[in-house]
1. Out of the residues in the stretch A:79-112 that are within 14 Å of another protein chain (Cβ to nearest Cβ) and crowded, with 21+ Cβ neighbours inside 10 Å, state the one that is farthest from residue B:497 (Cα to Cα).
2. Here are the criteria: (1) more than 30 Å from residue A:270 (Cβ to Cβ); (2) buried (at least 24 other Cβ atoms within 10 Å of the Cβ); (3) of a type in the set (D, E, K, R). Tell me which single one residue A:187 does not satisfy.
3. Within the stretch B:455-489, how many residues are aromatic (Phe, Trp, Tyr) and more than 25 Å from residue A:80 (Cα to Cα)?
4. Just one of the numbered conditions (1) surrounded by 15 or more Cβ atoms within 10 Å (Cβ to Cβ); (2) in contact with a Gly (Cβ under 7 Å, 6 or more places away or on another chain); (3) over 22 Å from residue B:203 (Cβ atoms) is not true of residue B:166; which one?
5. In the set A:527, A:543, which member is closer than 25 Å to residue B:164 by Cβ and either in contact with a Lys or Arg (Cβ under 9 Å, 6 or more places away or on another chain) or within 14 Å of another protein chain (Cβ to nearest Cβ) (or both)?
6. Has the stretch B:245-254 got at least one residue that is crowded, with 20+ Cβ neighbours inside 10 Å, assigned to a loop (DSSP other than H, G, I, E, B) and within 14 Å of chain A (Cβ to nearest Cβ)?
7. Report, by residue number, each residue of the stretch A:169-190 that is more than 22 Å from the chain's Cα centre (by Cα) and either small (Gly, Ala, Ser) or modelled with pLDDT of 95 or more (or both).
8. Of (1) buried (at least 17 other Cβ atoms within 10 Å of the Cβ); (2) at pLDDT below 95; (3) among the hydroxyl-bearing types (Ser, Thr, Tyr), residue A:344 satisfies all except one. Which?
Amino acid sequence: MSSQEFPIDKQFVVEGKLSENERIKGDSNLLRGTISEDLTDDLTGGFTSDNFQLIRFHGMYQQDDRDIRAERAKQKLEPLQNVMLRARLPGGIITPDQWLAIDKFAEDHSLYGSIRLTTRQTFQFHGVLKPQIKLMHQTLNKVGIDSIATAGDVNRNVLCTSNPVESVVHQQAYQWAKKISEHLLPKTKAYAEIWLDGEKVETTEEEPILGNNYLPRKFKTTVVIPPHNDIDVHANDLNFVAIAEQGELVGFNVLVGGGLAMTHGDHTTFPRKADDFGYISAEHALDVAAAVVSVQRDWGNRVNRKNAKTKYTLERVGVENFKAEVEKRAGVSFADSRPYEFTSRGDRFGWVEGVDGKYHLTVFIENGRILDYPGKTLKTGCAEIAKIHTGDLRLTANQNLIIAGVEPKNKDAIEKIARDNGLITDGVSNQRMDSMACVSLPTCPLAMAEAERYLPSAVTDIEELLAKHGIAERSIIFRVTGCPNGCGRAMLAEVGLVGKGPGKYNFHLGGDRQGTRIPKMYKENISEQEILEDLDLLIGKWSKDGQENEAFGDFLIRTEVVAPVVNSAKDFYA
Amino acid sequence: MSSPTNQAVVPTAVLNDSQWTQINNAIAPLNRDQLTWMSGYLAGLANQQAAGAIAAPTVEAVSSNKKLTILYGSQTGNAKAIAQEYKAKAENAGIAVNLQNMADYKAKQLKNETHVVVVVSTHGEGDAPDDAVELHEFVASKKAPKLPDLSFAVIGLGDTSYEFFCQTAKDFDQRLEALGAKRVADRVDCDVDYDSAAEAFIDQLTTMLKDELTAKSQSQVVQLPGLSTVSSAASEYTKKNPFPATLSESLKITGRDSIKDIRHIEISLEDSGIQYQPGDAVGIWFTNDPQLADEFLSLLDIDGEETVSLGDESLSIRQALIDKFELTLGYPTFVKSYLETAPNAELQALFEDKNKLREYLAERQIVDVIREFPAKITAEQLARALRPLTPRLYSIASSQADVEDEVHLTVALVEYDVDGNKRQGGASGFLSNRLDEGQQVKVFIEENNNFRLPENPDTPVIMVGPGTGIAPFRAFMQQRAEDDAQGKNWLFFGNPSFTQDFLYQTEWQRFVKDGVVDKVSLAFSRDQKEKIYVQHRLLENGEEVYQWLEEGAHFYVCGDATHMAKDVHDALVSIVAKFGNKSEEQAEEYLTELRKAKRYQKDVY
């Protein structure tokens, strides 16, 4: 399918001067730019202007250690530039051999020596210097991993509800996630050429689905298996909600146009939930995925990047028009949605036995940062497990790790390694397990406030507040994100903090535990201390006046502390 | 057609043939400095004639040399966008505009500006954007010049939901005023929705500045800045009569994880009249660490207040140890005197084996000898055994064409351990740790006519300067940039690690960006398994190096004498042999000829 086949309806296209990123993509020779030339420039550890953007399409961001940026500027040294790599790992599944390869690379060739599990169900290397970048891609390639299109204006890593081995449906859902990821992948050979020293391809290439200018903005896709909403459908552009009959996956409800990113001070931007387009049978999944992507490709706003995501396209053209175009392009009609319900989002920690008699161990990784800490050698522990494990490892969208498919005979040995290295610690509170943060400082160039480094102490403070009010066993979905871009998905939390400046956050309240309600801004640009003071007051009220099993976010809505966000475009800033 | 050195196309309209020949004969033997002086002298003569009302043709400037400089400091690109928009509008109105990112702008240029518009954003808790940090600090620092001739305006970008809204813009506004500059229009502070406010302000500014900046100006005299003060006479300050200069900056320029501690030192020569040239060295008189003096006193059980006489001067032994004696090097004459006072068989044996003694002293200071071979000697005996303090020479890392009355140095802090005791180099410890900014340091210039840029600005230059050996090449490039010299420049630099030890990295990046430096070849020895040094980079680029030499390039080496300079020389021999089809002997001859022609120069230590 290509854009030629479908005449573009001009009334749905935003006219005007195209944004700078459109020029960059258009001039890039299908994502090649002059990246190869930059690799041989040893005067700088960074990439030059266009390439700085283009490497994102290859799964990397140029970053630097922001803690020492000013210090180095004085020292007449450029920022400590390096790249962060985000792997493509549909559904978050990785084999023990792959794990050992990435463990070694992180150890030997990255500044931080860590493996960072992320909210996109994949891992990131942080702090890889330019001379090591090719080695990094080649190391991954040897074990069958790439980082194509995990960033940039493309369909990114496809998520899938974790622990697929628990049932046949999970296995089928995972296969769809993988197929969709591959179907929507850029077709350019640029990645292989630049990083794997692949042959230069002389023939004219085309991007039949993404288009030669790629998408107007990033695009995120999931496959979700209710009642679990661990992947947070409303944070994603396109969601396939698995519908099963007699234990077999038969089709999907398709949810389009979710997204949490916004821009501080720009009220034309807001977090928005996805719309339910209706049900399709499974065999149409790839066509529908391609159709949604191609409509967004043709109708998405290429003039103003801040309004370029699918959610704004839906707001602008109307859900019905968008849906009709998808039906036309995919050659299918959406049936009425099948009923489903989300009841939870968190991971189920500890051991469970699967249908096939194998065991799965979910371990809590605070902030998803796998590193050897004093007395808590998480990275060594994971590597030791990978050495004896015969199943696979699964990264969850909550930044935790599942050791899946454990043979009964290995169960005790793996349990022992996990305990010896601090991967299983008793007494991690519900609150800690329900808390999450993005990477933020010091590496993320967009970060405005601390997130990962602030989370542990913030959770401790909240634990103390819960204990103080006599409800230590309860928890609040608490998320911190360092900037309004929203990798930490704070806009689907009961208590969400969005970084605004050093030590300052916009304070949002009133999301729900299932991730189906967006929290409203309660106070703007306030300090950590002020947030805790407010929480002290509100948690006190909740413990006293809350109804039985009433979640914190629901309580705040019922008692009108904040108004619910129903229609984001109207309510979010109201 | 190119013209040979020191000659130009005959300006027949001005001079007749015979005048032209006479002038050429007169200037042919002159070197660059003499020519520079001559140009000032002749300009001065022309001035006198003009003053004497002799009919000299007055030159009417056809266009204004005034321009508007727009400086932007942007974090997310908004300030840059506004600055670009302003540039377009101003140019439409006929104003000449120089648009610059603050990060690329030389702060010292400010005092030559007549009209500056600052567009700058503010972040977090009133922080300047990264690109603006340096200039922001500069205008607030004591180094900032008075700016009586400057007209300025400031556009601030910020977010009113922050406490320190547009703080950086406010700072620039206040500081420029405080430096004597004239505000053309009141600052505008733009909120997140900056478009309309900024646009209105830009239109207003453009209208206000249009007449001033597009008016034709008349000038009769071409000013040659600085020349009137240039003196060819030697400075009154010498090694014996050093100038009491002021330390204006001491900055560690190796990264926080570096295994080296290398400092960039700026010393103010203000009011000294001292002139130096790229290639010269500066002599530093230093004092010893008082703690080191105390270590001597306690080891030898000498009362620090005891008086010793040195020539016709009497002072306490403690003060003498600090101010007068060479303590941080090991030297045989001390061992000799020490043995005469306090015989010791083991030390005696060591003393008699000259090779062993040299090795032994190379890694020790005087105090370590006393610690290892304790003895009881008096203050007077100690004073007689010690050598007088000598100043240390450092290759100058700056050109006065750029830094004017400052001199910059690149100093490696010498630090090592002797039997668990931390030892520091005398001068490097003094400059790095014991001297505070604003304090006095006695200096003098040590001329080095054997390390000079080519007289012809078109001659290519190859510079090999690993470690602190980079210092004179920074001076060279500052000079060539100021001279707008057209010759190609190629730097070879090395150090342990790229991220930590790339000395003056951002400056070299700017030199490359500005087209001053054509090639940089880097050797970071510890960034990979095998050690790579500058000589390896030379060999890798052998063919091109030889080609440059054949084109007349000058080849310079600065830095370590014991290993590096020798390895570089060997590399050069093999390059010349290979690409010049010569025997090793012929290659050596080739290099000797280069040396004789002053095209192969070394400053090694």
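The values are calculated or read from the model by the stated rules, or taken from the named source; none is laboratory data. The structure presented is a predicted model; accordingly, all values stated were derived computationally and were not measured. Neighbour counts run over all protein chains shown; Cβ positions are idealised from the backbone, glycine included.
1. A:83
2. (2)
3. Result for the stretch B:455-489: 1.
4. Checking residue B:166 against (1) surrounded by 15 or more Cβ atoms within 10 Å (Cβ to Cβ); (2) in contact with a Gly (Cβ under 7 Å, 6 or more places away or on another chain); (3) over 22 Å from residue B:203 (Cβ atoms), the one that fails is (3).
5. A:527
6. Within the stretch B:245-254 (the criterion being crowded, with 20+ Cβ neighbours inside 10 Å, assigned to a loop (DSSP other than H, G, I, E, B) and within 14 Å of chain A (Cβ to nearest Cβ)), the answer is yes, since at least one residue qualifies.
7. Our first condition is that a residue be more than 22 Å from the chain's Cα centre (by Cα); within the stretch A:169-190, this holds for A:169, A:187-190.
Selection gives A:190 alone.
8. Condition (1) is where residue A:344 drops out.
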